[in-house]
Amino acid sequence: MAAITGVVNGYYNYYHVKGRYDDDKVRTPWYDRDLSKEEICSNNDVPDRNYQGADLCRKLAVTYRGVAASNRAKYATAQEAKDAIWAKYSAGGKYSAYSHDERASMARNEINMTLYGTIQLGDVWNDPHLDGEVSLNTRSGANEAENRAFNIKTLGAQFMNLWRNNGIDASQMSGSSFMFSVNGMDMSAAITLLDGKKHDDSFLEMMTAALNSKSNAKNLFYNLLYDSDKSTLPKDSLAKFRLYSDFKNITGLDIREFSQTDDGFFDSEGRNATDIYDEALNSTDKVSFQFHGIASNYFRTLVDDALKYDMDSTPDLTLSMEYRNGNVYLNGDKPHLNFSV
C-alpha cells in the first residue's frame with residue numbers, strides 16, 4: 001500500500017502504521033483546515049485554548065518539517081525512526097537540560113511529523129520550540145559533567161546487556177581495551193584489541209557477531225555521527241557517505257559504480273545520477289510526493305559537495321570509539337546509544 005497522499009498539508013501515513021487510518025480515507029488535520037474562530041470554538045471544549053492551539057500546531061509543523069524529511073530518508077521503518085528519536089531526546093542525550101515533559105513533547109512532535117506529517121494538539125504545550133530557538137544543554141542547571149557520567153554508565157550497561165544476551169562472558173574483557181569501528185557504507189562493525197592482552201579468536205568473533213546483529217552496528221554508527229564534533233570528521237569522507245546513503249536509499253543503486261566528471265556522476269550508459277534519482281522519486285514510496293522537490297534539491301546539494309573531491313580516492317566514512325572496562329571513551333560528548341538485545 002502506498003503512503004497516503006493527496007492533501008498538500010494534510011494527513012498521510014508514511015510508514016503505513018496500522019490503525020492510523022481507516023481504509024484509504026485521507027483525513028486533513030484539524031489545524032490545517034480553513035475554519036473560522038466561531039467554528040473552532042463550537043467544536044471544542046476549551047475554545048480559546050484550542051483556537052490558539054491551531055496556530056501553535058502550524059508553527060511546530062514548520063519547525064519540524066525539515067528534520068522529519070531527513071528522518072524519513074534515514075530510517076527504513078516506523079519503529080526504527082521512533083527508537084532513534086526517543087534516544088535523541090533521552091535523559092542522557094544532548095537535550096538533557098530540558099525537563100522530562102519538554103523532552104517528551106519534542107520527541108512526540110518529531111515522531112508525529114516524521115511518521116504522519118502532523119502535530120497533535122496534546123503534544124504542543126510543553127514544546128520549548130514555541131519559546132524560540134532550542135539550545136543544547138545550555139539552560140541554567142545543566143551540568144555537562146553529570147550528563148557525561150550518566151552517558152558512560154548507561155553505555156556500559158547497554159554493552160554489558162548486549163554481551164550477556166549473546167552468550168559472551170564480559171569478565172574476559174576485564175583489563176582490555178577495544179576499538180569498535182563501523183563503516184558507514186555497509187554498516188559493518190569491526191573490533192580491534194588495543195592492548196597486548198591475548199584473547200581467543202573465537203571470543204573476538206563472538207563480540208563482532210553480536211555488534212553486527214540486528215541493527216546494532218547501524219544504530220551505533222548513526223549515534224556516533226549525530227554526537228560527533230563535525231569539525232573533526234574528514235569532509236571528503238562525510239560528503240561521500242551522505243551522497244552514497246541518499247542515492248542508495250532512493251534508487252537502490254551504488255553511486256560508487258558511477259563515473260565522476262566535472263558535470264556530475266554518470267552510469268555506464270551515460271545517464272546522470274540526478275536524473276536517475278528524480279525518476280526513482282516518482283516510483284518510490286519512501287518519500288511522499290509533497291517532499292519530492294525538497295528531496296531532489298537536497299540530493300543536488302550532496303552532488304555539488306561531493307564534486308569538490310575525488311570520490312574514487314576518498315576513504316569510506318568510518319567512525320570509532322574505545323570500549324574499556326564497561327565504559328565508552330570518545331572525543332567530546334558521549335552519545336546515548338540504543339542496542340538491540
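Is it the case that some residue within the range 279-294 is touching a helix residue (DSSP H, G or I) at 6+ places or on another chain (Cβ under 8 Å), without any contact (Cβ under 8 Å) to a residue 40 or more places away in the chain and among the basic types (Lys, Arg)? No: zero hits.
Quick check, is Ile168 farther than 30 Å from Asn249 by Cβ and either assigned to a strand (DSSP E or B) or at pLDDT 85 or above (or both)? Give the derivation first.
Values: farther than 30 Å from Asn249 by Cβ: yes; either assigned to a strand (DSSP E or B) or at pLDDT 85 or above (or both): yes.
So Ile168 fits the description; yes.
Quick one: which strands (runs of 3 or more DSSP E) sit completely within the range 238-341 and have at least 1 residues that are modelled with pLDDT of 95 or more and more than 23 Å from the chain's Cα centre (by Cα)? First the steps, then the outcome.
Numbers: elements: 259-261, 264-266, 318-324, 327-329.
Result: 259-261, 264-266.
Residues that are modelled with pLDDT of 80 or more, touching a Phe, Trp or Tyr at 6+ places or on another chain (Cβ under 7 Å) and closer than 22 Å to Phe289 by Cβ occur in the range 80-92; there is at least one. In the range 100-140, of all residues being of a type in the set (Gly, Ala, Ser), modelled with pLDDT under 80 and outside any helix (DSSP H, G or I), the one that is surrounded by the fewest Cβ atoms within 10 Å (Cβ to Cβ) corresponds to Ser140.
The values are calculated or read from the model by the stated rules, or taken from the named source; none is laboratory data. Just so we're clear, the structure is a prediction, and the values are computed from it rather than from any experiment. Neighbour counts are summed over all protein chains in view; Cβ atoms, including those assigned to glycine, are modelled from backbone coordinates with ideal geometry.
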